[in-house]
Amino acid sequence: MRKKIAIIGAGPAGLTAGYELCKKGHDVTVYEASEQVGGLSRTIDLWDQRIDLGPHRFFSNDKKVNELWLEVVEKDYKMVDRLTRIYYKKKFFHYPIKAFDALFKLGVWKGILCMGSYIKEKISPTKRDGSFETWVTSRFGKRLYSIFFKTYSEKLWGIPCTELDEDFAAQRIKKLSLFEAIKNALFKGKNKHKTLVDQFAYPIDGTGMVYERMAKYINENGGKVVLSTRVKGVNAKDKIATSLSLDNGETIEYDEIVSTMPITLLMNNLPDVPEEVKAASNSLTFRNTILVFLKVDQDDLFKDNWLYVHASELQMGRITNFSNWVPEINNGQKETIVALEYWCYNEDANWKASDEELIELAKKEMAATGLAKAENINDGYVFKIPRCYPVYGKGYKEPLEKVEKYLSSIDKLSVIGRYGAFKYNNQDHSILMGLLAAENISDGKEHNLWEINTDYEDYQETATIGATGLIEE
């Protein structure tokens, strides 16, 4: 039966759901508050080049996800050799860790102390208290935790690692251990942990190309992608989602609604939500991102795709070098565009700072690393992203479960995506959510969308993408 379906948000999850439902013959309308599709994975034009909102590599072991990606991208991609390092104490450490590289750069004595700390944990493990700090310390030892995890994580989340839930570590690095990282360095290609993957597929026109093509398909096949249109809220009657209210005052009825809007905004605008559930929703927080793009009149800044900045004296957390992805996005320009990432909350000084102040900060910090000379930085551009990361504060699961339970009780409403489901998704996780939401709506499947996050092996039929297409395991 042809259904009239609304999708809130034109990011990876929302557009995947819209694309699949449009293919199945449904009447799809995608509402996007901004002027461009792609969400966090959009690609923008800047200084005659194409750039992403920070580093967005795509990698999945899921056959279904990879088949869809290749269907959309076709042959317009290249395999990129991944190089990422950690900037610490004015030195660059390979990440994933390479044992001899780390030993040489830390110094023999510090290296011995790190190994001693690691061995101590194997003999007498730190008692875990539900925090990120004790989880990582028990896995790697206190010294390696302090050097390679603590500073960066506290920059990213804006809270001490003792207040960060261990669930973040369990989802993102649960299969990574020091032994596994060393094994991967010695026996190249034997390990499939995502953190250790050294090559990934990348569209020749930027990550956003995937979602621009999905939007184009929807618009050309009976659906609509409506930009610069903000959804105020979802209306429900007798626990059934019935319509959307737009900011312009218009209310439109739909048979099904898929929401990728921030879960807190969705909850605040739903009718008749019990106070206990509202309070649980309001306790969930997001972290903002500020991207400062710098145009540098140099073409040999550093060879990495991106760097993790563990230096405590610098506010930035990551630097992306877009010249080290695929040449097509540089559009023949000789200047290098880098993106410096700063993370903050609404009340923080950086979030309130002017673009000029942020550009000056970024110039100063870029020069302090020695990666670029200040006189070679000749332009800057600021892009602010509110509610970019769901914050896994210690004990966040309890309020989130209350919200999940309530939203699951509303029929005809599917909640997906990083923002929508409060999951720290990569692109492949959001694409999978969109795929499975479409199957639920169109094919009567009963996938539990809340179970999908960075650990979703139960859904996988294994395959990867190589230079010539899909590689089945």
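The values are calculated or read from the model by the stated rules, or taken from the named source; none is laboratory data. Since the model is a prediction, treat every value here as computed from it, not as a measurement. Virtual Cβ from ideal backbone geometry, glycine too; neighbours counted across all protein chains shown.
Brief remarks follow.
Each row is one residue, and each column tells you yes or no for (1) among the acidic types (D, E); (2) assigned to a strand (DSSP E or B).
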| site | (1), (2) |
| --- | --- |
| E341 | yes, yes |
| L371 | no, no |
| V382 | no, yes |
| C388 | no, yes |
| P399 | no, no |
| K402 | no, no |
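- Of K127, K188, all but one fail to be over 30 Å from V30 (Cβ atoms), assigned to a loop (DSSP other than H, G, I, E, B) and at pLDDT 90 or above; the exception is K127.
- Considering the range 339-372, and only residues there that are over 12 Å from V292 (Cα atoms) and of a type in the set (S, T, Y), the residue that is farthest from the chain's Cα centre (by Cα) turns out to be T369.
- The C-beta contact set for the range 138-166 (first residue aliphatic (A, V, I, L, M), second residue assigned to a loop (DSSP other than H, G, I, E, B), distance under 6 angstrom, 6+ apart or interchain) comprises L156/G317.
- Test for L21: is it hydrophobic (A, V, I, L, M, F, W, C), touching a helix residue (DSSP H, G or I) at 6+ places or on another chain (Cβ under 6 Å) and under 18 Å from N440 (Cα atoms): yes
- Annotation: K23 fulfils all but one of (1) surrounded by fewer than 23 Cβ atoms within 10 Å (Cβ to Cβ); (2) closer than 29 Å to D379 by Cβ; the unmet one is (2).
- Test: residue in the range 99-107 that is buried (at least 17 other Cβ atoms within 10 Å of the Cβ) and part of a strand (DSSP E or B): no
- The range 391-404, subset more than 25 Å from E154 (Cα to Cα) and in contact (Cβ under 8 Å) with a residue 60 or more places away in the chain, residue surrounded by the fewest Cβ atoms within 10 Å (Cβ to Cβ): K402
- Residue match in the range 410-419 (condition: outside any helix (DSSP H, G or I), at pLDDT below 95 and surrounded by fewer than 24 Cβ atoms within 10 Å (Cβ to Cβ)): no
- Taking the conditions (1) part of a loop (DSSP other than H, G, I, E, B); (2) among the charged types (D, E, K, R); (3) over 21 Å from T84 (Cα atoms) in turn, E357 satisfies each one other than (1).
- Matching entry among I44, I112, I51, I119 (being of a type outside the set (S, T, N, Q), closer than 25 Å to Y152 by Cα and in a strand (DSSP E or B)): I51
- Residues of the range 217-236 satisfying the condition of being free of Cβ contacts under 8 Å to residues at least 24 places away in the same chain and either loosely packed, with under 14 Cβ neighbours inside 10 Å or touching a Cys at 6+ places or on another chain (Cβ under 8 Å) (or both): E220
- Out of L314, L270, sole residue that is in the same structural domain as R418 (by TED's automatic domain parsing) and in contact with a Phe, Trp or Tyr (Cβ under 9 Å, 6 or more places away or on another chain): L270
- Residue, farthest from V391 (Cα to Cα), within the range 147-167, restricted to residues that are part of a helix (DSSP H, G or I) and β-branched (V, I, T): I147
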